[in-house]
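Student: Supplied in structure tokens, the structure appears directly below.
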Amino acid sequence: MDNQQCSETITAGTKYFLDNLIVLVAFLITKISVHFTEDFDNNYQSFIGSLIEYVDEFFDSYKEYTACKVQKLIIEHILSIATNLTDKTSLIPIFIKAKYADKTVKWVEQSSFSNYIDGFGENIVGIVYNLSRHRKGLKALRECKTLDVLKNQKSFIMKTKNETLIGLFGMLLIALPRNDDEEKDNEKIILKVSNSLYSKSVLAAKEDNWRFDGCHLSEYLYSLQNAFSNITIIQNILGDSEHVKKDRIQFFRERFCSIYGILFNEDESDLDKLVVKSLLNIFLCISNYEQYRSELRDDLFLYTLIEILAKQHKQGVAKRIWSNLNIVKPTKVLLDKIKQEKTPKIYISYNWADEKFCRSFVDFLHQNISIPIWVDYEETDENEDPWDYVALAIESATIVIMLASSFYANSKHNHQELTYTLEKIKSSTEKKHFIVVVIEDKFRFTPLRMNNLLEIDETISYDENPENLARKVADLEVLSKDNKQTFVSCSPHIVTQSSICILM
């Protein structure tokens, strides 16, 4: 059909058909179950692939003054269908396979985006946001350098005054950064969006369908859990240690305690389950800090629920929360009770991306010392949650060795482990030693969340050879069984009974 022939009119019949098509698809989407995801993949993969190719051709040749109105309406409805389908998190891997991440980011990046942002921007960015809520989608978007693309189009997005579009943009600024440096570039808008996310979470929770302003409660809470990896954002929403906003923590507590059973109901939707999982992750983030941890611990019902969940299979987040909730400051009675030093034991903290280096380092360390070494790949059962073992290993260790790298510094999992370790050191009744071994040349702790935990001044020259590094560690006085003195005080603000040394 020639663009000029159809650009002026859209028949009532065409519009009626398209409007009802989107209503029908929206209805069918609500009936999709995770059990039918494989069938959907087998039967509709080629269909959703052809849709994205059709839309891609449209945007590749987009010109406002020649675009056919009927075709624009068709594109608008296709994007609406894709937005609704990608809202179903179990389907996202199918859309990643169909190159939806690549294509949508490409449309945002195009110079013509400013021309069609008003008509299509909300749905395009909505699809991108939906993809970011799944780990495979987030990985694909990061490979497309989506954060850089969005930052380049920031001025156009903000000028639209479209609150929904700007909100989606803000949630992507929270989800996409790999480290705090990237968050810092957009801190002002992230802080503003985070406060808005909390407010909208409260409003969505009051609705029967848990939806407000076009988004499900799970979307707001999921974005908040990502934002809460940054202590600045946590303090912005929950207050600092001197002025904790208890009512806000109470909102999360009450919401979780009233709906936790959703986790065990197979018939519940993906989005409803995501609400509970996001609340657990929020508890994990804030339980890293005593001023918020006490608010969780003092709620007896929540405390009991977390204890029960922590004993269940595949409840790693609950296990970590439970460990945090049971961190206590040592009393004089406890300090007087334990007089003798523990038998030395080493715990190795590392990122799984560095496992090959870690294995070599540990092998060489075994050759140079007789002190028992605990490392997860030697001690854990792959069928069990590793935190069952990790928490106990950290508690019993007298020496903790961290293998520091960019992978470690940018890992939320490692941040949680490090926070727990240092909290245990603070509350320990015995001397504990913390050794940081840098295994990456020119490495520095750029993420603020790591820098806030560690202030290290003492350095020993780095060596890329794991055998040489192992020897340097073995030569430290603290590893001598005859020496029971703290060997260096690189970070005295952490605890007087511990010591931190860094090998670089």
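Student: Sum up the charges of everything whose Cβ sits under 11 Å from the Cβ of ILE439, counting Lys and Arg as +1 and Asp and Glu as -1, but leave ILE439 out.
Tutor: -4
Student: If one computes the Cα centroid of region 180-223 and of region 235-249, what distance in Å separates the two points?
Tutor: 17 Å
Student: ³J(HN,Hα) across region 169-175 via Karplus (A = 6.51, B = -1.76, C = 1.60, θ = phi - 60°), whole Hz, x for Gly/Pro?
Tutor: 4, x, 5, 5, 5, 7, 6
Student: Set the Förster distance to 51 Å, then compute FRET efficiency between LYS161 and ALA353 from the Cβ-Cβ distance, nearest 0.05.
Tutor: 0.75
Student: Test of the criteria: in region 170-225, which GluC sites (Glu not before Pro) are in a DSSP loop and have at most 13 other Cβ atoms within 10 angstrom of their Cβ?
Tutor: In loop regions of region 170-225 (DSSP not H, G, I, E or B), the sparsely surrounded GluC sites (Glu not before Pro) are GLU207.
Student: Can you list the residues, at least 5 places off or on another chain, whose amide H is less than 5 Å from the amide H of ALA404, using H built in the peptide plane?
Tutor: The list, which skips near neighbours in sequence, is VAL437, VAL438, ILE439.
Student: Give me, ordered by chain and number, the residues 5 or more places off ALA397 or on other chains with an amide H under 5 Å from its own placed amide H.
Tutor: Close amide H contacts, sequence-distant or interchain: none at all.
Student: Around GLY239, what is the net charge, scoring Lys/Arg as +1 and Asp/Glu as -1 over all other residues with Cβ under 11 Å from its Cβ?
Tutor: Value of the local net charge: -1.
Student: Here is a further query. So between ASN368 and ASP240, what do we pick up on full extension, going 0.36 nm a residue minus the alpha carbon distance?
Tutor: 41.5 nm
Student: Return the FRET efficiency for the residue pair ASN42, ARG135: r is the Cβ-Cβ distance, R0 is 25 Å, and the value is rounded to the nearest 0.05.
Tutor: 0.65
Student: Taking the Cα-to-Cβ direction at PHE407 and at SER50 and moving 7 Å from each Cα, how far apart do the two end points lie in nm?
Tutor: Rounded to a tenth, the inter-label distance reads 4.3 nm.
Student: Here is a follow-up. Filter the GluC sites (Glu not before Pro) in region 234-311 down to the DSSP loop ones having no more than 12 other Cβ atoms within 10 Å, then list what survives.
Tutor: Those that pass, being in a loop and sparsely packed, are GLU242, GLU266.
Student: Number of Lys-Lys pairs in region 152-261 under 25 Å by Cα, sequence gap 8 or more or different chains?
Tutor: Going through region 152-261 pair by pair, I get 26.
The numbers here are math on the coordinates, done by the rules we state, and not lab data. As the structure is a computational prediction, the values presented were derived from the model and not from experiment. Don't worry about glycine lacking a Cβ; one is built from the backbone with ideal geometry, like all the others, and counts go over all protein chains shown.
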